[in-house]
Amino acid sequence: MTNHPVLSVHKISMRFGGLNALNKVSLQVFPREIAALIGPNGAGKTTFFNCVTGIYKPSGGYIELNGPDLRPKRINGLKPNLITRSGLARTFQNIRLFENMSVLENVMVGCHCRTTSNFLNAIIQTSSFKKEEQGVIEKSYELLKLVGLQGSANLSAKNLPYAEQRSLEIARALATEPRLLLLDEPAAGMNPQETTKLDQLIMKIRERFNLAVLLIEHDMKLVMRISDKVFVMAQGEKIAEGTPGEIQNNPRVIKAYLGEEVDVVS
């Protein structure tokens, strides 16, 4: 594992009026690492994701992505589409698919942030546009095969079962060719069998694409099974960081979860 992190977050804060939703949170995620961000409800985890992905502009601190050339690029303040082009993709706690588009078309939308054809090429159907579009279709179909949805390519996204919609959202994020994939509660609403398939998929994605994963998750068994590193937040602050074993036995973590029905046993 290289010494250069793919993501470096330096003391970011986020204030909403008088509310300090994040207070000087710092963390690093390294290439090929699977890291989890956990904490009680209201800890600030999704706010953190929204700052990293450009939905919110942090009130303080800064965020850097390292490119393939290992040069850090500061991304706070950039629009979400530019952050995606920089190599960071995410899924959402509440699934955000194009419901009336086909399963295949949803993935193709993700591919288009890497295409070079312009609007005029599309209008006049140049040979370069047709060739690039065929490549997009093939790439999208391969991603559907990866997540087990190749047989549903022509269905409307809204007609997929819930767990498969989650998988489709992951495939669409992968279509943007990220170096870091952020997953916001990917196991929410899944049964144990579906969750097992999900953690196998996350491991397979890491191996296939050689990327890093940072996930927010309440399913502690999933977190402890697949994570190399765990960050813990409470009341807008990072209170602990370590391996799953270290986190399970950390007194501050146990105290933060008091009153929550969370099983941190692997």
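The values are calculated or read from the model by the stated rules, or taken from the named source; none is laboratory data. None of the values given here were measured: they were computed from a predicted structure. Quick reminder, even Gly has a Cβ in these numbers, built from the backbone with ideal geometry, and neighbours come from all protein chains shown.
Of note:
- Among the residues making up the stretch 79-111, a single one is farther than 21 Å from Ile137 by Cβ, polar (S, T, N, Q) and part of a helix (DSSP H, G or I): Asn81.
- Set Leu181, Leu201, Leu168: member being among the aliphatic types (A, V, I, L, M), surrounded by fewer than 23 Cβ atoms within 10 Å (Cβ to Cβ), out of contact with any His (no Cβ under 8 Å at 6 or more places or on another chain) and at pLDDT 90 or above: Leu201
- Residue check for Ile247: of a type in the set (A, V, I, L, M, F, W, C), surrounded by fewer than 20 Cβ atoms within 10 Å (Cβ to Cβ) and assigned by TED's automatic domain parsing to the domain that holds Gly54: no
- Any hit, the stretch 204-222, residues being in the same structural domain as Leu82 (by TED's automatic domain parsing), within 20 Å of Ile12 (Cβ to Cβ), more than 18 Å from the chain's Cα centre (by Cα) and in contact (Cβ under 8 Å) with a residue 60 or more places away in the chain: no
- Residue count for the stretch 86-105 satisfying the condition of being of a type outside the set (A, V, I, L, M, F, W, C), touching a residue at least 60 places away in the same chain (Cβ under 8 Å) and surrounded by fewer than 19 Cβ atoms within 10 Å (Cβ to Cβ): 2.
- Restricted to strands (runs of 3 or more DSSP E) entirely inside the stretch 1-66, those with at least 3 residues that are among the polar types (S, T, N, Q) are 19-29.
- Residue selected from the stretch 153-183 under the condition part of a helix (DSSP H, G or I) and of a type in the set (Asp, Glu), by the criterion nearest to the chain's Cα centre (by Cα): Glu169
- Selection from the stretch 236-250 of residues that are modelled with pLDDT under 90 and closer than 30 Å to Phe16 by Cβ: Asn250
- Condition met for Thr196 (surrounded by 19 or more Cβ atoms within 10 Å (Cβ to Cβ) and not in a strand (DSSP E or B)): no
- Among residues of the stretch 225-237 that are closer than 22 Å to Ser13 by Cα and in the same structural domain as Ile202 (by TED's automatic domain parsing), those with a beta-carbon under 7 Å from a residue that is in a strand (DSSP E or B) and polar (S, T, N, Q) at least six positions away or on a different chain give the pairs Gly236/Asn20; Gly236/Asn23; Glu237/Asn23.
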